[in-house]
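Chemist: A single structure is presented below for examination.
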Amino acid sequence: MKRVIKGILVSVFSLMVIFNAYAQDHTLLIGLIPEQNIFRQFQRFLPLTEYLSKKIDREVKLTILSRYGDIIDRFSSRNMDGAFFGVLTGYLAIKKMDVEPSVVPIELDGSSETSGYIIVRRDSGIESVKDMQGKVIAFVDRATVRGYLFPIIYFKRHGINDIKTFFKEFYFTGSNDASVYAVVDGRADIGCVKANIYEAILARDPTLRKELKIIATSPLMPLSVLCLKKSLPEKLKTKITEILLNMKNDKEGKEVLKRMELKGFRRASMNDFKVVDDIFRELNIDPETYRY
Amino acid sequence: MRNRIIKYLSIIFIFFSMGGIIAFISTQRVTSDLKVLINLHRVETFRQDLIINIKTVQNNLFTIGTTFGPELDIIVENVLSLDKAVNRCLECHHSSEVTGKLDRLRTLVEKYKDALSAFITTTANPERIHRLKEVAAEIGNLLLQDAEEMTYFAHQKLQYKTEKAIEKVNKIRELLILVLFITMIFGFFTAMALTRDIVRPIEKLRIAAEKVASGELGYSVDISDPPEFAHLGESFNKMSRSLKEQQEKTLEYVSKLRELHRITLSMHLVTEKKNIINEFVKGVVDVIDADGVLLFLYNPDHDLFSLEQFITKKSYLKRKEIKYSGEIIRKIYQGCGKKATMLYKNEEALRAFSEDNFEAENLYVLWIKHKNKLSGFLLIINVKGTITGEDTRILSIIANNFAVAIENTLLYEDIKLQMKNLKETQDQLIQAAKLAAIGELAATVAHELNNPLTTILGYTELIKEEEISETIKKDLDIIEAESLRARDIVRQLLEFSRKRPLQLTELDINETLQEVIKFLSPNIKKSSIKLLTEFSPLPNTLADKDQIKQVFLNLINNAVQAMPEGGVLTIKTGLQDSNIFIEVSDTGIGIPEDILPRIFEPFFTTKKEKGTGLGLSISYRIIESHGGKIYVKSQKGKGTTFKVLLPIKKHV
């Protein structure tokens with residue numbers, strides 16, 4: 001009798017484990033980097049998850065990270081199936097983890113790439129790098145090209161090799177809009193920011209255009225890249241990619257894109273990360289050992 | 001009435017509609033108020049959610065970076081809930097003041113989000129991080145303060161609106177009660193008025209219906225209002241009048257039927273043809289109003305229709321003996337082919353009837369048929385008004401009954417005659433049997449008495465030849481006389497009983513009678529009797545002269561003896577049908593009625609010693625043996641008449 005009861009209990013437990021695993025399999029977790037205000041970023045991508053859930057008949061959830069760099073460390077620990085990486089984090093993720101690029105978002109103006117800006121307040125009196133000495137600079141994150149590596153190269157090109165001594169203080173706001181507002185609010189004299197986020201903030205509050213000015217602009221590079229875990233079923237990955245590529249042709253998809261203020265997606269490739277190679281080379285940094 | 005009902009109902013409908021509209025509007029308002037209240041309560045819930053969300057996020061803020069700090073996704077979720085709570089507040093319609101506050105709240109939330117995001121994502125020295133945290137916390141506190149303040153004001157407003165809504169509900173309830181009360185009152189009076197308007201004419205109609213039901217046909221009601229009942233009243237009056245007219249027609253018809261019954265009954269009750277004719281003509285006059293009624297009956301012997309009876313108001317008839325040829329009448333009848341026909345002045349048929357007999361504007365001819373044969377017709381001159389089909393039917397029935405009654409009369413007469421003959425035959429049979437029996441007895445008795453009487457007479461004559469005294473001689477004379485009388489009676493008896501064969505010769509009855517009268521004239525003269533004779537010329541007939549003379553002798557003798565004080569003796573002869581009749585009448589004492597049937601019996605006499613009572617019996621037997629009949633009529637104190645009928649017989 002006891003054996004029978006034990007057998008039943010073991011069977012029930014096994015079924016529960018299998019069911020749980022099945023349920024987990026059925027939830028697709030997509031990570032987001034704090035490209036802008038994390039709440040805004042999260043809200044921006046929510047419609048996309050709903051759309052994808054419906055299309056692939058599988059629950060799709062979002063998770064946002066407080067830092068760009070965290071996404072590489074936490075991709076595995078949070079068991080993410082994919083993430084919208086920045087150019088640098090995407091580059092590093094591909095290098096360090098089994099992910100592959102899927103799609104790149106396209107802005108409303110049709111571009112899928114954007115630059116990085118170094119901005120100051122107009123009334124700050126900063127006109128060139130020289131004027132920046134002794135000021136407070138706000139970077140976005142060490143794991144960004146436009147928010148950190150580009151300004152470092154820019155300053156290097158202008159003869160500044162040690163930012164710790166050149167600037168009074170430097171810190172990382174974690175997101176592009178936080179950098180803009182840090183400059184606007186006077187919490188920083190110089191800000192590093194992704195051009196599309198900067199333009200979006202100015203579009204929301206045009207008065208800022210009179211308050212801020214751009215000191216430097218980086219080359220164009222992809223806005224962000226959706227990378228999917230290689231271990232996902234090929235069929236699913238293809239399906240997700242195809243759905244995102246064809247969203248612009250779908251009425252519901254169009255609506256979602258409109259809410260995300262995007263025109264659509266294009267297929268991503270390793271070429272999109274070439275710029276990162278160039279930067280690392282110029283800075284003479286080994287990507288494998290780069291501490292972000 | 002319909003208009004009135006519609007009017008009343010419309011007013012009630014308007015009242016109810018007003019009530020309904022008020023109720024509807026009120027319900028809408030109350031519902032709207034309730035919706036507002038519900039929304040306010042929901043908003044209240046939202047605000048509470050907002051406050052909870054703010055507090056949660058504030059808590060998150062202070063625990064970020066600690067062991068107890070939540071995952072970033074949870075913080076994001078909480079902030080998004082806060083964001084949603086604010087947006088939900090903004091979705092509601094608010095006053096400009098509240099909207100302003102909500103806008104400020106929204107701005108604060110956005111700032112809070114930015115500050116939070118900055119605090120969460122920033123990597124800097126601890127002082128900067130602390131500052132960022134303080135900024136965020138400060139905004140969070142402001143947010144909380146504003147939300148609580150708004151909640152307080154909203155609560156005040158909610159309470160105010162709730163009170164207002166209750167007040168409004170109470171007002172609406174009062175208004176509705178008032179409208180319903182007014183509607184009820186109006187409805188009650190309307191119902192009363194309508195009931196009165198309906199019941200009054202109905203009551204009138206009920207009374208009228210009862211009157212009509214109790215026989216007061218033609219009773220009418222006077223209802224002028226409402227129009228529907230006025231129409232109903234008119235219909236009722238029409239019905240009542242119609243019933244009355246129908247009843248009058250029925251009564252008239254019944255009267256005619258009664259009249260018909262009376263006429264037909266009277267025709268069938270009387271047995272005399274003349275009376276039937278009178279009843280018929282009178283009956284027709286009663287049924288039809290006309291100037292005159294003429295009845296013609298068919299005489300088949302002469303093929304003529306003769307005027308039998310007439311009744312006229314004036315002297316329409318120019319003569320009283322009118323006859324129409326059967327051929328003409330049949331021609332007219334065939335031309336009509338109906339039970340009756342109406343002829344007018346310009347019609348040839350009318351002229352054929354009127355000729356120079358009478359003048360008529362119109363002439364109604366009613367044909368009388370019996371057993372499909374035209375037996376007569378009735379002419380009704382100058383009919384007043386019109387003769388309906390019903391009149392024609394009644395007249396036809398009367399005519400048919402008349403024809404049947406006439407036929408019945410003839411049958412009755414025939415039966416009566418046959419009964420009479422039968423009775424006579426029966427009497428004669430009885431008489432004959434009686435006479436035969438008496439004759440046989442008489443013959444026996446006569447035979448037995450004749451020998452002793454002859455002996456008595458012989459010895460009486462022998463004694464008389466003897467020497468006897470005068471006294472004895474006288475006595476013997478009496479014996480001889482009585483014996484002779486007795487022998488005479490015996491001889492008559494023998495004569496009566498003997499059936500002698502008739503010695504038939506051609507006899508002139510008048511001459512035979514003259515002979516008998518001549519033989520008896522001395523006795524007639526002696527009795528102071530006046531003799532009257534009325535002899536009609538008669539044909540000779542075969543008869544036994546002696547026996548016939550004996551009959552005449554007996555009858556005249558009896559008549560003479562019936563008039564001892566004198567009188568008138570009338571003797572008549574003549575022809576009746578195919579017989580010769582001889583009538584001998586006296587003005588004597590007459591024969592009592594009770595003995596009249598016995599006078600022909602043998603030995604029945606009223607003359608005591610003077611007669612044997614065989615004379616009439618012998619006469620009866622002689623006439624019977626000739627195939628004739630003898631009758632007697634007598635009235636006490638006035639006289640007696642004997643009538644002899646002899647058939648006229650010739651040699652074959």
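Chemist: Just how far, in whole angstrom, is region A:54-99 from region B:153-200 if you go by their alpha carbon centroids?
Modeler: A separation of 69 Å, based on Cα centres.
Chemist: Can you compute the modelled spin-label distance between B:Glu134 and B:Glu216, with each label point 7 Å from Cα toward Cβ, in nm?
Modeler: Reported label-point gap for B:Glu134 and B:Glu216 is 11.8 nm.
Chemist: Taking the Cβ-Cβ separation of B:Leu265 and B:Glu413 as r and a Förster radius of 22 Å, what is the calculated FRET efficiency to the nearest 0.05?
Modeler: 0.60
Chemist: Okay, moving on. Per q in 0.07, 0.08 Å⁻¹, report the Debye log10 I(q)/I(0) for chain B, using one uniform scatterer on each alpha carbon and no solvent.
Modeler: For the requested q values the scattering log ratios are -0.84, -0.93.
Chemist: Rounded to the nearest 20 debye, what is the charge dipole size of the protein assembly as shown about its Cα centre when +1 sits on each Lys and Arg Cβ and -1 on each Asp and Glu Cβ?
Modeler: 3280
Chemist: Need the list of lysines near A:Lys210 for cross-linking: C-alpha distance under 23 angstrom, and skip anything on the same chain fewer than eight residues off.
Modeler: Here the lysines satisfying the reach criterion relative to A:Lys210 are A:Lys130, A:Lys135, A:Lys194, B:Lys111.
Chemist: Pull out the extension gain between B:Asp477 and B:Thr386, defined as 0.36 nm times the separation in residues minus the alpha carbon to alpha carbon distance; nm, one decimal.
Modeler: 23.0 nm
Chemist: Cα gyration tensor of the protein assembly as shown, axes a ≥ b ≥ c as square roots of the eigenvalues: rounded (a/c below 1.5), prolate (a/b > b/c) or oblate?
Modeler: It comes out prolate by the Cα gyration axes.
Chemist: Rounded, prolate or oblate: which one fits region A:110-230, using the alpha carbon gyration tensor with axes a ≥ b ≥ c (rounded when a/c is under 1.5, else prolate when a/b beats b/c, else oblate)?
Modeler: Oblate.
Chemist: Spin-label point model (7 Å from Cα, Cβ direction): what's the B:Lys238 to B:Leu205 distance in nm?
Modeler: Calculated label separation equals 1.4 nm.
Chemist: Under 14 Å from the Cβ of A:Ser115, count the other residues' Cβ atoms, weight Lys and Arg +1, Asp and Glu -1, and hand me the total.
Modeler: That works out to -2.
Chemist: Same structure, new question: Determine, for B:Val632, B:Val287, the number of other Cβ atoms within 10 Å of each Cβ, and report the residues in order from fewest to most.
Modeler: Ascending Cβ contact count within 10 Å gives the list B:Val632, B:Val287.
Chemist: Would you mind classifying region B:270-387 by shape? Square roots of the alpha carbon gyration tensor eigenvalues, ordered a ≥ b ≥ c; an a/c under 1.5 is rounded, otherwise it is prolate if a/b is larger than b/c and oblate if not.
Modeler: rounded
Chemist: Applying 1/(1 + (r/R0)^6) with R0 = 25 Å to the Cβ-Cβ distance of A:Asp162 and A:Thr217, what FRET efficiency is obtained, to the nearest 0.05?
Modeler: 0.60
Chemist: Within a Cβ distance under 14 Å of B:Asp103, other residues only, what is the Lys/Arg minus Asp/Glu net charge?
Modeler: With Lys, Arg at +1 and Asp, Glu at -1, the net is 0.
Chemist: So which GluC sites (Glu not before Pro) in region A:195-292 are both in a DSSP loop and have at most 15 other Cβ atoms within 10 Å of their Cβ?
Modeler: When the GluC sites (Glu not before Pro) of region A:195-292 are filtered for loop state and at most 15 Cβ neighbours within 10 Å, A:Glu261, A:Glu288 remain.
Chemist: Next question. Positive end of the charge dipole of the protein assembly as shown (Lys, Arg +1 and Asp, Glu -1 on Cβ, about the Cα centre): tell me which of B:Pro564, B:Ile398, A:Gln36 has its Cα farthest that way.
Modeler: With unit charges placed on the Cβ atoms, the residue in question is A:Gln36.
Chemist: Provide, as a two-decimal number, the C-alpha radius of gyration of region B:56-189 over 2.2 N^0.38 Å, N being how many residues it has.
Modeler: That works out to 1.75 for region B:56-189.
Chemist: Would you mind pulling out the separation of the Cα centroids of region B:584-646 and region B:236-309, in Å?
Modeler: 50
Chemist: Per residue of chain B, what 222 nm ellipticity follows from adding -39500 (n - 2.57) for every DSSP H run with n ≥ 4, rounded to the nearest 500?
Modeler: Calculated mean residue ellipticity at 222 nm is -23500 deg cm²/dmol.
Chemist: Could you give the distance between the Cα centres of region B:377-416 and region A:165-242, to the whole Å?
Modeler: 140
Chemist: Which ordering of B:Leu531, B:Leu108, B:Leu555 is given by a fewest-first count of other beta-carbon atoms within 10 Å?
Modeler: B:Leu531, B:Leu108, B:Leu555
Chemist: Only Lys, Arg, Asp and Glu count, each charged at its Cβ (+1, +1, -1, -1), so figure out the dipole size of region B:248-322 about its Cα centre, rounded to 20 debye.
Modeler: 220
Chemist: Any chance you could run the full-extension gain for B:Ile52 through B:Phe16? It's 0.36 nm times the residue separation minus the Cα-Cα distance, nm to one decimal.
Modeler: Stretched out fully, the B:Ile52 to B:Phe16 stretch lengthens by 7.9 nm.
Chemist: Take B:Gln246 and A:Lys95, extend 7 Å from each Cα along the Cα→Cβ direction, and tell me the distance between the two endpoints in nm.
Modeler: Once both label points are built, they end up 12.4 nm from each other.
Chemist: Charges at C-beta only: +1 for Lys and Arg, -1 for Asp and Glu. How large is the resulting dipole of chain A about its Cα centre, in Debye rounded to 20?
Modeler: Its charge dipole is roughly 700 debye.
Chemist: Starting at the first residue of region B:106-114, write each ³J(HN,Hα) from the Karplus equation 6.51 cos²θ - 1.76 cosθ + 1.60 with θ = phi - 60°, in whole Hz, x for Gly and Pro.
Modeler: Result, rounded to whole Hz: 4, 4, 4, 5, 4, 5, 4, 4, 4.
Chemist: Just want the answer: with Cβ charges of +1 for Lys and Arg and -1 for Asp and Glu, which residue in B:Gly628, B:Tyr459, B:Leu441 is farthest toward the dipole's positive end in the protein assembly as shown?
Modeler: Positive-most Cα among the choices belongs to B:Gly628.
Chemist: While we're here: Count the DSSP beta bridges whose two residues both fall in region B:502-647, then state the antiparallel fraction as a percent rounded to the nearest 5.
Modeler: 80
Chemist: Note down, for region B:502-647, the three equivalent ellipsoid semi-axes (square root of 5 times each alpha carbon gyration tensor eigenvalue), biggest first, whole angstrom.
Modeler: Equivalent-ellipsoid dimensions as semi-axes: 23, 18, 14 Å.
Chemist: Given the options B:Ala154, B:Leu645, A:Ser115, identify the residue whose Cα lies farthest towards the positive end of the charge dipole of the protein assembly as shown (+1 on Cβ of Lys, Arg; -1 on Cβ of Asp, Glu).
Modeler: Positive-end residue among those listed: A:Ser115.
Chemist: Please rank B:Leu378, B:Leu441, B:Leu297, fewest neighbouring Cβ atoms within 10 Å first, as an exposure proxy.
Modeler: B:Leu441, B:Leu297, B:Leu378
Chemist: Among the listed pairs B:Lys313/B:Lys416; B:Lys7/B:Lys244; B:Lys282/B:Lys345, which are separated by more than 29 Å between their Cα atoms?
Modeler: B:Lys313/B:Lys416; B:Lys7/B:Lys244, as the Cα separations exceed 29 Å there.
Chemist: Another one. Can you list residues whose amide H is under 5 Å from B:Leu569's amide H, if they're 5+ apart or on another chain and H is modeled 1.01 Å from N?
Modeler: Residues meeting the amide H criterion: B:Lys530, B:Leu531, B:Leu532.
Chemist: So what's the net charge close to B:Lys384: Lys and Arg +1, Asp and Glu -1, counting the other residues with Cβ under 13 Å from its Cβ?
Modeler: Around B:Lys384, the surrounding residues sum to -3.
Chemist: Additional query: Pulled fully out, how much extra length does the chain show between B:Gln514 and B:Gln492, if you take 0.36 nm times their separation in residues and subtract their Cα-Cα distance?
Modeler: Working it through step by step, the gained length comes to 5.4 nm.
Chemist: Right, next: For a Förster distance of 60 Å, can you work out the FRET efficiency between the beta-carbons of B:Thr107 and A:Thr289, rounded to the nearest 0.05?
Modeler: Given R0 = 60 Å and the Cβ-Cβ separation, E is 0.85.
Read-outs: derived from the displayed coordinates by stated rules, not from any lab. All figures in this text were calculated on a predicted structure; none of them were measured in a lab. Please note: Cβ atoms are built from the backbone with ideal geometry, for glycine as well, and neighbour counts cover all protein chains shown.
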